[in-house]
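Below you'll find the structure, written out as C-alpha cells, and then a few comments.
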Amino acid sequence: MRSQLFKTRITDLLGIRHPILCGGLGPRVSDADYVAAVVNAGGMGFIVAAGFADPDEFHAQLKRCRQLTQGQPFGVNLYISRQSGGLARVAEQIRILIEEGVSCVETAGASPQPVVGALREAGIKILHKVPAVKYAHSAARLGVDSIIMVGNDCGGHPGLFGISSMVQAAHGPSVVDLPVVIGGGIGTGRQMAAVLAMGADGIIMGSRMMVAEELWIHESYKEKVVRGDGTESVVVKRAIGDHHRVLLNDSARAVLALDDAKITDFEQFRPHVMGALAHEAYLTGDTSVGMLDYGPAVVFADAVKSVEAIFDDMIDDAAIAIRRLNGLETRNNQSDAALHNAAS
Ligand SMILES: Cc1cc2nc3c(=O)[nH]c(=O)nc-3n(C[C@H](O)[C@H](O)[C@H](O)COP(=O)(O)O)c2cc1C
C-alpha cells in the first residue's frame with residue numbers, strides 16, 4: 001500500500017489517503033465488499049442504494065461495509081429520481097443510511113434539491129455528480145460539499161452535451177468554488193496528476209475498476225474488459241434524451257436502431273434497457289444483452305487485480321508524471337507571478 005502522495009480538499013473533506021473516488025456501479029455491482037476494498041485501499045467508494053431495494057438488504061449491506069472497513073467512512077450513491085414514487089424511495093434510503101452512520105453520498109440523476117436538507121442536518125457530506133458546469137453552479141448554491149464532474153468518456157450517463165473530460169477538468173475547478181472531482185475516461189496516475197494540475201481536487205473512476213478482484217461480477221466479463229480497447233463503447237438512448245454510454249452488444253444495437261428511427265416511445269426501449277438484464281449479464285458473463293455501462297477507460301485495465309494493486313499502480317504512475325514535468329520545467333525557481341508575467 002502506497003503512502004499519501006497528494007493532499008487535497010477532497011482528501012481532507014472525506015478523510016481519505018488518496019484523492020481517488022470509485023463511483024457507484026449499478027445495478028448491484030458496487031456492493032459492500034467492493035466499496036470496503038476501495039476504502040481500505042485509501043479511496044472512497046459508494047454502495048448504490050437503488051440496487052438494494054429491500055430495506056433489510058440495504059441495512060445488511062451497510063452493516064457489512066462498516067464491519068469490513070472497521071469503522072472507516074464509506075459512501076452511498078443516491079439516484080435522485082423524477083419518476084413517481086422516486087423521491088419517497090430516496091427518503092427511505094436516506095433514513096436507513098443515517099441510521100447506519102454513512103458519512104457521505106454521491107448524488108446523481110437530477111438536482112439534489114429534495115435531499116440536501118435532510119442530509120446536511122444529519123452531517124452527511126454531499127458530492128453531487130454532474131455532466132456539465134452549469135448544473136454545478138445550481139448544486140453549489142443548494143449547499144452541497146463537492147462537485148463531481150464527468151465528461152463524455154464516462155461509462156454511464158455523460159449528459160446531453162458531450163463535453164469532454166479534458167474541458168471539464170480545465171474549466172470546472174476554475175469556476176466552481178468547491179472541491180471538484182473529475183471523471184470520465186480516467187484510469188491512470190498520469191491522468192490523475194494532470195487533473196490535479198488543472199485545479200481539481202480528485203478523480204472518479206468506474207470503467208477502469210470493472211476488473212477489480214473484489215467485484216463479484218463474472219470472471220469472463222472482467223477478461224472482456226481487459227481485452228477491451230474502448231472502441232466497443234457506444235452512446236445510446238439519444239432519441240429519448242437519456243444519453244447512456246454502454247458496451248456495444250445486441251441490446252445496444254437494438255437501441256441504436258430505435259435512436260436512428262427517432263423513436264421516442266419509451267415502451268419500445270423498455271425490453272432492451274431493463275436493469276434486470278444487466279444484472280443477469282454480470283452474473284452469468286453473457287454480455288450479449290443488457291445496458292452495460294462501459295467507457296473507453298477500459299483500455300487502462302491491463303489485468304484483473306485487487307483495488308489496492310490498481311491504486312498502487314496509479315500512485316506510482318502519478319509520481320512518474322510529476323517527475324517528468326519537473327524535468328521539463330526550465331524556470332524552476334521563479335514565482336508564479338514571474339512566470340505569469342513572462343508568459344503575457
Ligand atoms: C458498470 C457501471 C455502472 C455504473 N452505475 C452507476 C450508477 O448506478 N449510478 C451512478 O451515479 N453512476 C454509475 N456509473 C458511473 C460511475 O459512477 C462513474 O461516474 C463513471 O464510471 C466515471 O467514468 P469512467 O467510467 O470513464 O471511469 C456506472 C459506471 C459503470 C462503469
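Summary of computed values
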| quantity | calculated |
| --- | --- |
| Within region 215-246, tally of residues that are open to solvent by 10 Å² or more (accessible area, probe 1.4 Å) and in contact with a His (Cβ under 7 Å, 6 or more places away or on another chain) | 4 |
| Complete set of residues in region 5-34 that are within 12 Å of the ligand (Cβ to nearest atom), in contact with a helix residue (DSSP H, G or I) (Cβ under 7 Å, 6 or more places away or on another chain) and either open to solvent by 60 Å² or more (accessible area, probe 1.4 Å) or part of a helix (DSSP H, G or I) (or both) | R28 |
| Listing of helices (runs of 4 or more DSSP H) fully contained in region 208-283 that carry 2 or more residues being under 17 Å from D31 (Cα atoms) and either out of contact with any helix residue (DSSP H, G or I) (no Cβ under 6 Å at 6 or more places or on another chain) or not assigned by TED's automatic domain parsing to the domain that holds G51 (or both) | 219-227 |
| Answer residue from region 123-135, given it is more than 11 Å from the ligand (Cβ to nearest atom) and over 20 Å from D12 (Cβ atoms) and is farthest from the chain's Cα centre (by Cα) among those | K134 |
| When residues of region 143-163 are limited to those that are open to solvent by 50 Å² or more (accessible area, probe 1.4 Å) and within 13 Å of the ligand (Cβ to nearest atom), the one farthest from P19 (Cα to Cα) | H157 |
| Qualifying residue in region 75-90 (condition: at negative phi, buried (at least 21 other Cβ atoms within 10 Å of the Cβ) and part of a loop (DSSP other than H, G, I, E, B)) | no |
| Cβ-Cβ under 6 Å pairs, at least 6 apart or on other chains, region 276-297 side open to solvent by less than 40 Å² (accessible area, probe 1.4 Å), far side among the basic types (K, R) | G295/R245; A297/R208 |
| Residue in region 117-126 that is buried (at least 19 other Cβ atoms within 10 Å of the Cβ), in a loop (DSSP other than H, G, I, E, B) and in contact with a Leu (Cβ under 8 Å, 6 or more places away or on another chain) present | yes |
| Test: residue in region 60-73 that is more than 24 Å from I20 (Cα to Cα) and open to solvent by 10 Å² or more (accessible area, probe 1.4 Å) | yes |
| Criterion violated by A212 - all others in (1) surrounded by 24 or more Cβ atoms within 10 Å (Cβ to Cβ); (2) more than 12 Å from the ligand (Cβ to nearest atom) satisfied | (2) |
| Unmet requirement for Q67, which otherwise passes all of (1) in a helix (DSSP H, G or I); (2) within 16 Å of the ligand (Cβ to nearest atom); (3) polar (S, T, N, Q) | (2) |
| Residue satisfying condition, being more than 10 Å from the ligand (Cβ to nearest atom), aliphatic (A, V, I, L, M) and under 22 Å from Q83 (Cβ atoms), within set A140, A110 | A110 |
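The values are calculated or read from the model by the stated rules, or taken from the named source; none is laboratory data. Predicted, not measured: the structure shown is a model, and the values here were computed from it. Methodologically, a virtual Cβ is constructed for each residue, glycine included, from the backbone with ideal geometry; neighbour enumeration extends over all protein chains shown. These accessible areas exclude ligands, DNA and RNA; they are computed on the full protein's heavy atoms, side chains included. Shrake-Rupley method; radii C 1.70, N 1.55, O 1.52, S 1.80 Å.
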